[in-house]
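Worksheet: the structure to be examined is printed underneath.
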Amino acid sequence: MRLYQDEVYQKGEKFIRIVRLDRYEVEFKTMIGGPKEEGEVTILVKKEFCRLLKGMTLVPPVKKTATEK
């Protein structure tokens, strides 16, 4: 599985956003209600993080227009 920083995954009301990627571990934020909410930051080994993502779907990124900043 290929992971990228700032990806957001969703399952029901639970959202997970990747904050920092390392070679062996992933720092992520878990939010409930929406991808822009406050949440708890956690660090897991990549293998455990991929198991956590099982059953979740990737939320497509919103493209910004030239007028948005």
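Filtered by the rule that a residue be within 15 Å of D6 (Cβ to Cβ), more than 12 Å from the chain's Cα centre (by Cα) and not aliphatic (A, V, I, L, M), the range 28-69 gives K63, K64. You will find that of E25, E13, E48, the residue that is charged (D, E, K, R) and in contact with a Leu (Cβ under 8 Å, 6 or more places away or on another chain) is E25 and no other.
Any read-out appearing in this document is the output of simple, stated calculations on the displayed coordinates, not a laboratory observation. Since the structure is predicted, the reported quantities are computational estimates derived from the model, not experimental observations. Reconstructed Cβ throughout: ideal geometry from the backbone, glycine too, with neighbour counts over all protein chains shown.
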